[in-house]
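> Here it is, the structure, as structure tokens.
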Amino acid sequence: MSKVTGCLTILLTVLAVKTKSNVSTTVFSIVSINSTITSEVTLSYVIEPNSTESVNNDDESTEEVNFDTTTSSVNISTSSNSPTDGEDLFNTAEDLGTVIEGDVDTNSTVRDETETDKENATAKEDNRQKASMKDSLRDIAYYLRAYKFNEYDRRYETDSTAAPRRNFKEFPRPPLRSLHWEVHKFCEPSFIGCVEYLLKRIRQVSLKRNDDTAVVMLEQKWTFLNNSQQITQIDEECKKLRDIGDRIAEPFEGPLERFQWRVTASYYMCWYTMKEVPDLKHLHDHCDNFANCLDGNLGPNNKDIRADDSNPFACAIYSFCPDPCCPMKQLTTLKTCWDSKENPCFRGNLPGNRECAVNRSSNVEFRDIVLNRWNVTCRCPKGREWNSRYGMCVDVDECTTGGHACHRKLEACVNLEGSFRCACKWGHVWSTKERKCTPSPALAIIKKSHRIPNEDKNKQPESIIRKLIKIIRRSQASSTHIDKMSFVL
């Protein structure tokens, strides 16, 4: 027997009524069904009609109810010796089966709906986790963006007003002597663990993303024309929290540890961005701000084209990584970058060939990121390629790289500045008629003049030792001749 949950109460009232055909008619009444059935029930009901005209409780009619929990439907079978009245009874039992089957199907439908509800609940939980991840990444991006655009190197600089801000150009030089131990502990093994740890610490800082004036203005859709008073109040509070954070640097032991923490966190988040972790592809946020309350000159957005979140990983790169191609705090047009001497593709290239790009797949080594050893690609003229070692476009040697189309047997490749050319190999000349290199007629004459006579072909080659002996004998004969001449003189 399969397990049946719930309570199934079926009251069958059998009323035998004498009819004109002297056959018992059975009426079924279902008093209540209150159950949730996990297994299926089979109800078998067999009726033997009485052949007498009187109503007798002890007649030969038999009623059998069999609950079988191995099937998912309730079946009622009725047999009768009387074709006419048995047919009526069969229809009646069939009606009962229809009623009971309908109830059981209802329970099955409830079960299906329960499974659907569980799937919907799982989907909602997944969506909630995804939304939570996006919120976490936005908060982390804001906090590290504040380091990138506003922090100075606290290891060597003491005057905050005069200290240069260069973190948007490159990571600190020289690099940190050691990574922050706690960031390294949680961020080295996995991206998820890194995000959870960073968010836990960022929630304890004084100025958070939701407190920034620029964020509040965008979320509330405030304008300077209609909400100037609210904007002023929010910005004053934002700057107070910012100053407290710069002075106390909670939850860290001081500004110096906070600097080390944020640099290490930026290392790892930039590294994960270059590895193209899917969660960093789009942050669904307005990243074009310096995370420093309201900028009176720029407003809530700085209109930086590098912070366009519609481009994959743009917001993450803008928040976590320096820009080796365009090391500028604000960039509104690419032409400004291409014409800048800070652009690594500027030197040695003519206008129109100074486009610079950072290929993420070529910058996935953590140590290289820390040491600012970026692999950038410049748009070089035809026949040249960018060399990161020399920081300029260098000639492509097509003869070495196999980028030429010279005939392997008849032609030789000659590398030229920015291109190459094919020259006929020794013993071949260019045929203007056949448009290819052909054997030179002079080569056949030279070969013919250097043929070895037939009688010399059978001679064995002279060994090196014999040659040495001949040379020694010649030298001795020469010295004897000299001695004789000197004696005569």
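> I need a count of the residues in the stretch 202-217 that are open to solvent by less than 60 Å² (accessible area, probe 1.4 Å) and either of a type outside the set (Asp, Glu) or at positive phi (or both).
The number of residues fulfilling the criteria is 10.
> Kindly evaluate ASP279 against the criterion of being in contact with an Asp or Glu (Cβ under 8 Å, 6 or more places away or on another chain) and under 15 Å from PHE320 (Cα atoms).
On the way: in contact with an Asp or Glu (Cβ under 8 Å, 6 or more places away or on another chain): no; under 15 Å from PHE320 (Cα atoms): yes.
When the stated conditions are applied, ASP279 does not pass them.
> One residue is enough: does the stretch 330-338 have a residue meeting the conditions open to solvent by less than 40 Å² (accessible area, probe 1.4 Å) and either within 30 Å of ILE234 (Cα to Cα) or touching a strand residue (DSSP E or B) at 6+ places or on another chain (Cβ under 8 Å) (or both)?
Step one: filter the stretch 330-338 for residues open to solvent by less than 40 Å² (accessible area, probe 1.4 Å), giving 331, 337.
Now drop any that are not either within 30 Å of ILE234 (Cα to Cα) or touching a strand residue (DSSP E or B) at 6+ places or on another chain (Cβ under 8 Å) (or both), which leaves 331, 337.
The answer is yes; a qualifying residue exists.
> Taking the stated definitions as given, is ASP309 surrounded by fewer than 19 Cβ atoms within 10 Å (Cβ to Cβ) and in a helix (DSSP H, G or I)?
In short, no.
> Could you please give the count of residues in the stretch 219-241 that are open to solvent by 60 Å² or more (accessible area, probe 1.4 Å) and not hydroxyl-bearing (Ser, Thr, Tyr)?
Matching residues across the stretch 219-241 total 13.
> Could you tell me which of the residues PHE346, PHE320 is open to solvent by 10 Å² or more (accessible area, probe 1.4 Å) and of a type in the set (Phe, Trp, Tyr)?
PHE346
> Right, another one. If you go through the stretch 130-145, how many residues are under 10 Å from SER319 (Cβ atoms) and more than 20 Å from the chain's Cα centre (by Cα)? Quick ask: steps written out before the conclusion?
Here is the first cut: in the stretch 130-145, the ones under 10 Å from SER319 (Cβ atoms) are 137-138, 140-145.
Within this subset, residues satisfying the condition of being more than 20 Å from the chain's Cα centre (by Cα) are 142-145.
Total satisfying the criteria: 4.
> Still on this model: Can we say ALA316 is outside any loop (DSSP other than H, G, I, E, B), farther than 24 Å from ASP139 by Cβ and in contact (Cβ under 8 Å) with a residue 12 or more places away in the chain?
Here the answer is no, as ALA316 does not meet what is asked.
> Scanning the stretch 242-281 for residues that are β-branched (Val, Ile, Thr) and more than 26 Å from SER310 (Cβ to Cβ), which turns out most open to solvent (accessible area, probe 1.4 Å)?
So, considering only residues that are β-branched (Val, Ile, Thr) and more than 26 Å from SER310 (Cβ to Cβ), the one most open to solvent (accessible area, probe 1.4 Å) is ILE248.
> For the stretch 360-388, what are the residues that are in a loop (DSSP other than H, G, I, E, B) and either open to solvent by 40 Å² or more (accessible area, probe 1.4 Å) or within 18 Å of TRP338 (Cα to Cα) (or both)?
VAL364, GLU365, LEU371, ARG373, TRP374, ASN375, ARG379, CYS380, PRO381, LYS382, SER388
> Same structure again: Counting only residues that are in contact with a Lys or Arg (Cβ under 8 Å, 6 or more places away or on another chain), without any contact (Cβ under 8 Å) to a residue 40 or more places away in the chain and in a loop (DSSP other than H, G, I, E, B), which one in the stretch 389-408 is surrounded by the fewest Cβ atoms within 10 Å (Cβ to Cβ)?
Step one: filter the stretch 389-408 for residues in contact with a Lys or Arg (Cβ under 8 Å, 6 or more places away or on another chain), giving 391-396, 407.
Narrowing the set further to residues that are without any contact (Cβ under 8 Å) to a residue 40 or more places away in the chain leaves 394-396, 407.
Remaining after also requiring in a loop (DSSP other than H, G, I, E, B): 396, 407.
Details: VAL396: 18, HIS407: 14.
Taking the candidates together, the pick is HIS407.
The values are calculated or read from the model by the stated rules, or taken from the named source; none is laboratory data. No experiment lies behind these values; they were computed from the predicted model shown. Note that we place each Cβ from the backbone using ideal geometry, even for glycine, and neighbour counts take in every protein chain shown. Ligands, DNA and RNA are stripped out before the accessible areas are found, and what is left, the full protein with its side chains, is counted by its heavy atoms. Shrake-Rupley method; radii C 1.70, N 1.55, O 1.52, S 1.80 Å.
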